[in-house]
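Q: First the structure, then my questions, so here it is.
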Amino acid sequence: MDDIPTSDEVPTARMLTWVRNSAAYRLARRMMTEKELADAIRRKAKSKFEDITEAQIAALAEAAIAFGRSMSALDDRAYAEIRAGSAARGGKSKRAVARKLSEKGVEAVIITEILAEQDDLRPAVVYARKKAFGPFRRVPADEKQVNREMASFARQGYGFDLIRRVLDMSRDDAEEVLGS
């Protein structure tokens, strides 16, 4: 008899209807991870329903995730692939992408698998072009400027060897990397 949930643990029909509608609305507006959807539902449920219990909140979050999966609108792997590709095209390092995906709630195994296919050279050259560093400088740099550029690359998550390689590239080599 202890396994039968009490009324304080089971969401009401009104709550379940709301969670389906809320999940559909959120997922229609933008792609989300399971964690992001669950967190949004938990946050909104606390403010929407006055006497809601933690067990009901947890059940609503699970129901939202199940609904999103059943509609094929919630897929952490697809989310990670899209975000990783976009970030790489924008000049983000694998380390920065992994950190961001981890913050969004994507599992470490998925992150590792997706980023194993990527190389940091092209994103680093994209970053250099955005910032007019290395081969994209307009004027020759002194030692102080080179150190600033290296520090900027390091803050973005790039390793020292790759930073040196990009900063020492010729403009033609950099353009070739971007063209491929």
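The values are calculated or read from the model by the stated rules, or taken from the named source; none is laboratory data. On a predicted model such as this, the values are computed, not experimentally measured, just so you know. Ideal geometry is used to build each Cβ from the backbone, glycine not excepted, and the neighbour counts take in all protein chains shown. Just so you know, the surface numbers come from the protein's heavy atoms only, side chains and all, with ligands and any DNA or RNA stripped out. Shrake-Rupley method; radii C 1.70, N 1.55, O 1.52, S 1.80 Å.
Q: What full-extension length gain, to one decimal in nm, is calculated for R42 and A154 as 0.36 nm per residue of separation minus the Cα-Cα distance?
A: Fully extending the segment from R42 to A154 adds 36.7 nm.
Q: Would you tally the net charge around A132, using a Cβ to Cβ cut-off of less than 10 Å, leaving A132 out, and scoring K and R as +1, D and E as -1?
A: Surrounding charge for A132 is +4.
Q: In deg cm²/dmol, rounded to 500, what helix-only [θ] at 222 nm does the chain give when every DSSP H run of at least 4 residues adds -39500 (n - 2.57) and the total is split over its residues?
A: It lands at -21500 deg cm²/dmol.
Q: Relative to the longest principal axis of the C-alpha atoms of the chain, give the angle of the C-alpha long axis of helix 94-103, reported between 0 and 90° and rounded to the nearest 10°.
A: 20
Q: I've got another one for you. Counting Lys +1, Arg +1, Asp -1, Glu -1, what net charge surrounds R89 among other residues with beta carbon under 15 Å of its beta carbon?
A: Within the 15 Å Cβ shell, the charges total +3.
Q: Using the Karplus curve 6.51 cos²θ - 1.76 cosθ + 1.60 with θ = phi - 60°, what ³J(HN,Hα) values do you get for each residue of segment 73-88, in whole Hz, with x for Gly and Pro?
A: My calculation for segment 73-88 gives 9, 10, 8, 4, 5, 5, 4, 5, 4, 5, 5, 5, x, 5, 5, 5 Hz in order.
Q: Kindly flag which residue pairs out of K92/K144; K104/K130; K35/K100; K92/K130 have an alpha-carbon separation exceeding 19 Å in this structure.
A: In this structure, K92/K144; K104/K130 lie more than 19 Å apart at Cα.
Q: Could you look at segment 1-118 and say what percent of its accessible area is carbon and sulfur, using a 1.4 Å probe and all protein chains?
A: 50
Q: Can you give the convex hull volume per residue for the Cα atoms of segment 22-102, as a whole number of Å³?
A: 96
Q: Set the Förster radius R0 to 30 Å, insert the Cβ-Cβ distance between N147 and S86 as r into 1/(1 + (r/R0)^6), and round the FRET efficiency to 0.05.
A: The value I calculate is 0.50.
Q: So if the hydrodynamic radius of segment 54-180 is defined as the Kirkwood radius over C-alpha pairs, what does Stokes-Einstein give as its diffusion coefficient at 25 °C and 0.890 mPa s, in µm² per second?
A: 148
Q: By how many nm would the segment from K130 to E9 lengthen if fully extended, with 0.36 nm per residue of separation less the alpha-carbon distance?
A: 38.3 nm
Q: Another one. Return the equivalent ellipsoid semi-axes of segment 112-180 as a descending list in whole Å, where each equals the square root of 5 times an eigenvalue of the C-alpha gyration tensor.
A: 21, 15, 8
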